[in-house]
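The values are calculated or read from the model by the stated rules, or taken from the named source; none is laboratory data. Owing to the predicted nature of the structure, the values given are computational and were not obtained by experimental measurement. Note that each Cβ is placed from the backbone with ideal geometry, even for glycine, and that neighbours are counted across all protein chains shown. Just the protein is used for accessible areas: all its heavy atoms, side chains included, with ligands, DNA and RNA removed. Shrake-Rupley method; radii C 1.70, N 1.55, O 1.52, S 1.80 Å.
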Amino acid sequence: SGFGIGLQASANMADEIADSAIAMGLGADEGANLFGILMSMGSMTQGQAENLAESAYQLARANDVAPQAVMKDIAANADFFAKHMKDGGKNVLEAAVQAKKLGLNLSTIEGIAGGLLDFQSSLNAEIEASLMLGRDINLQKARELALDNDLTGMMDEVLKQTGGEAEFNKLNRLEREAIAKAIG
């Protein structure tokens, strides 16, 4: 019967997703979450979702980031994916890799994007940080990128404006807090 064929196809699909999840170091629930997010929110077929997840996995490896951690971060942040995805969700997958590279996660990236888009508070904090540091900090480009859901570009711009990790490590506590407040 058609019902029996549908059940078999569904079982095969579940097995394939489970196999892919295990290969990426995810548990069954995390794998189901990840592929569910990609297939439902990204409007992808199972094959497209597997290809996109595999490309994110490989991007993480190429950036010396633990791929399993990236995949788990994505699987745990369906709301973030839904809110920020564009072009089939590739931007979110790239942002997840970049976040892990910086020792962050998607929740932190969400906080930064939200902080930048709270324009009045962000502008005031930006001016305070500029005065405290004695140099101009301009987060306008980062705000534009956040508004366009270019999360990787947003983080690159934030790093550029804050002077990067080495510069940040040279700052005293009050200067760090001023920058943290400016970037949300």
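Select from the stretch 58-69 the residues that are open to solvent by 30 Å² or more (accessible area, probe 1.4 Å) and in contact with a helix residue (DSSP H, G or I) (Cβ under 6 Å, 6 or more places away or on another chain) and list them in ascending order.
LEU59, ARG61, ASN63, ALA69
Can you pull out the residues in the stretch 137-163 that are free of Cβ contacts under 8 Å to residues at least 40 places away in the same chain and open to solvent by less than 20 Å² (accessible area, probe 1.4 Å)?
ARG143, ALA146, GLY153, THR162 - these are the residues of the stretch 137-163 that are free of Cβ contacts under 8 Å to residues at least 40 places away in the same chain and open to solvent by less than 20 Å² (accessible area, probe 1.4 Å).
Condition first: open to solvent by less than 30 Å² (accessible area, probe 1.4 Å), within 16 Å of the chain's Cα centre (by Cα) and of a type outside the set (A, V, I, L, M, F, W, C). Can you find one or more residues in the stretch 31-39 that meet it?
no
How many residues does the stretch 40-80 hold that are part of a helix (DSSP H, G or I), of a type in the set (A, V, I, L, M, F, W, C) and within 18 Å of ILE22 (Cβ to Cβ)?
10
Name, by its number, the condition in (1) touching a helix residue (DSSP H, G or I) at 6+ places or on another chain (Cβ under 6 Å); (2) open to solvent by less than 30 Å² (accessible area, probe 1.4 Å) that does not hold for ILE112.
(1)
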